[in-house]
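Chemist: One structure, as structure tokens, below. Some questions next.
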Amino acid sequence: MNWSNLVQIIHKLRSPEGCPWDRKQTHDSLKRFLLEESYELFEAIDQEDPEAIKDELGDVLLQVLLHAEIGREKGAFSIDDVISNLAEKIVRRHPHVFGDVTADTPEQVLKNWEAVKKTEQNLSERVSALDGVPSVFPALMRAEKIQKKAAKVGFDWDDTPDVVEKIHEELTELEQAMQSGLQEDVEDELGDLLFATVNLSRFVDVDPEFALQKATAKFVERFHLVESYAKEEGVDMNDLNLDELNLLWDRAKDQLRKKPQV
């Protein structure tokens, strides 16, 4: 089985003699599946499972091929156009590899990358320094991207303590909004607090999206242990008060701290 065979398989799926489900799909209807497959790939990578990564990469590639086949049917582009465009972009954005530009550090590479992007045609129609960040990005990711773009034109905090002070300020304003009882104000101030926290993540060089994913996974792992402890003791968690639940929670935290780090 080779690349050409795979492309022909996708063509067959979309043909009149192919699969009714695949024939029905459009660029728009496939969006959710590309997103789902990407997140499943993230999970496989987090689990460091080579077989799962291989499988999920294939699922992501399937989505790319389906979109390319739809583009070919419409006479807009083909998978060959996608590959050619990608190859040209990679060469163009890596002049330190394929040209005579020098870049010895990742920071220099990124600086050159941004300089090349500014010369590309698809950027010429942007009117704002904040243009180019998809509105469909997850909220934390979009906030981080917007903040980085603003920082490139000098609109940023000077140092980390200033950001921390801003977080305290936003927390105070959230508390005041909660006391007012106005739900709209609470939502606004909570959003400001989250946005300020994303600012801090940039200054301490932490990806906010993945940090929250990690924190959620940690909560789930601890909660599962709490459930197992309650089951061992023959009690229903619904019958435990908060103090009793917190004791089980602390026990779970202690057990996970002792777990060998891989």
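Throughout, read-outs are computed from the coordinates displayed, never taken from laboratory work. This is a predicted model, so every value here is computed, not measured. Heads up, the Cβs are rebuilt from the backbone with ideal geometry, glycines too, and the neighbour counts pull from every protein chain shown.
Chemist: Rounded if a/c is under 1.5, else prolate if a/b beats b/c, else oblate: with a ≥ b ≥ c from the C-alpha gyration tensor eigenvalues square-rooted, which is region 1-88?
Modeler: It comes out prolate by the Cα gyration axes.
Chemist: Using a Cα-Cα cut-off of under 28 Å, which lysines could be cross-linked to K166, ignoring same-chain neighbours fewer than 8 residues away?
Modeler: Once the sequence-local lysines are set aside, what remains near K166 is K145, K148, K149, K152, K214, K218.
Chemist: Name the residues of region 15-50 whose amide N is less than 18 Å from a point 7 angstrom out from the Cα of K214 along the C-beta direction?
Modeler: 42-49
Chemist: Further question: In nm, give the distance between the simple-model label positions of M1 and E244, each being 7 Å from the Cα along the Cα-to-Cβ direction.
Modeler: 5.4
Chemist: Moving to a separate point now. Grab the beta carbon distance between K54 and H168, set R0 = 51 Å, and tell me the FRET efficiency rounded to 0.05.
Modeler: For K54 and H168, the calculated efficiency is 0.65.
Chemist: Just want the ordering: D192, D250, D205, from fewest to most Cβ atoms lying within 10 Å of their own Cβ. Show your work: numbers first, answer last.
Modeler: Working: D192 18, D250 12, D205 6.
Going from least to most buried by this count: D205, D250, D192.
Chemist: Moving on. Hey, what did the chain get for relative contact order, percent, Cα under 8 Å, at least 6 apart? Working shown, then result.
Modeler: Values: 149 pairs, mean separation 22.8, N = 262.
9 percent.
Chemist: Dipole magnitude of the chain about its Cα centre, charges +1 at Lys/Arg Cβ and -1 at Asp/Glu Cβ only, in debye to the nearest 20?
Modeler: Using Cβ point charges on Lys, Arg, Asp and Glu, the chain gives about 1460 debye.
Chemist: Based on the Cβ-Cβ distance of R251 and F203, what FRET efficiency does E = 1/(1 + (r/R0)^6) give at R0 = 30 Å, to the nearest 0.05?
Modeler: Efficiency computed from Cβ-Cβ geometry: 0.30.
Chemist: Report, in degrees rounded to the nearest 10, the 0 to 90 angle that the Cα long axis of helix 160-180 makes with the longest principal axis of the chain.
Modeler: The two axes meet at around 60 degrees.
Chemist: May I ask for the percentage of alpha-carbon pairs in region 139-206 that lie more than 18 Å from each other?
Modeler: 40
Chemist: Let me ask you something else. Return the whole-Å distance between the Cα centroid of region 187-242 and the Cα centroid of region 5-69.
Modeler: 32
Chemist: Please say if region 91-158 is rounded, prolate or oblate, where rounded means a/c under 1.5 for a ≥ b ≥ c the square roots of the C-alpha gyration tensor eigenvalues, and otherwise the choice is prolate for a/b larger than b/c and oblate otherwise?
Modeler: Prolate shape, in that a/c is at least 1.5 and a/b is the bigger ratio.
Chemist: Please give the charge dipole size of region 210-258, origin at the Cα centre, charges +1 on K and R Cβ atoms and -1 on D and E Cβ atoms. Round to the nearest 20 debye.
Modeler: On the way: 8 positive and 10 negative charges, 103 e Å.
Magnitude of the dipole: close to 500 debye.
Chemist: A further question follows. Where does helix 183-203 land angle-wise versus the long Cα axis of the chain, in degrees 0 to 90, nearest 10?
Modeler: 70
Chemist: What's the ranking of 91-104, 66-79 by average number of surrounding C-beta atoms within 10 Å, highest first?
Modeler: In descending order of packing, they fall as 66-79, 91-104.
Chemist: Could you work out how much longer the chain between S78 and D22 gets when fully extended? Use 0.36 nm per residue separation minus the Cα distance between them, nm to one decimal.
Modeler: 18.4 nm
Chemist: So how tilted is helix 27-46 from the main axis of the chain? Cα-based, degrees 0 to 90, rounded to 10.
Modeler: 60
Chemist: Something else: Where a ≥ b ≥ c are the square roots of the eigenvalues of the C-alpha gyration tensor, would you call region 137-255 rounded, which needs a/c under 1.5, or, failing that, prolate if a/b is larger than b/c, or oblate?
Modeler: The shape class here is prolate.
Chemist: A further question follows. Multiply the residue separation of R126 and H11 by 0.36 nm, subtract the distance between their alpha-carbon atoms, and state the gained length in nm to one decimal.
Modeler: So the extension gain works out to 37.8 nm.
Chemist: Return one quarter of the surface area of the convex hull spanned by the alpha-carbon atoms of region 68-127, equal to its mean projected area, in nm². Please list the in-between numbers first.
Modeler: Details: hull surface 21.9 nm².
Over all viewing directions, region 68-127 projects a mean Cα-hull area of 5.5 nm².
Chemist: Give me the tail of P(r) for the chain as a percent: Cα-Cα pairs with distance above 23 Å.
Modeler: Across the chain, Cα pairs with separations above 23 Å total 73 percent.
Chemist: Provide D159, D80 in ascending order of the number of other Cβ atoms located within 10 Å of each residue's Cβ, fewest first. Could the numbers behind the result be given before it?
Modeler: On the way: D159 8, D80 11.
So the residues, fewest neighbours to most, are D159, D80.
Chemist: As a test of the formula, what do you get for the chain when each DSSP H run with n ≥ 4 contributes -39,500 (n - 2.57) and the sum is divided by the residue count, at 222 nm and rounded to the nearest 500 deg cm²/dmol?
Modeler: Details: 12 runs with 191 residues, N = 262.
Helices in the chain give a 222 nm mean residue ellipticity of -24000 deg cm²/dmol.
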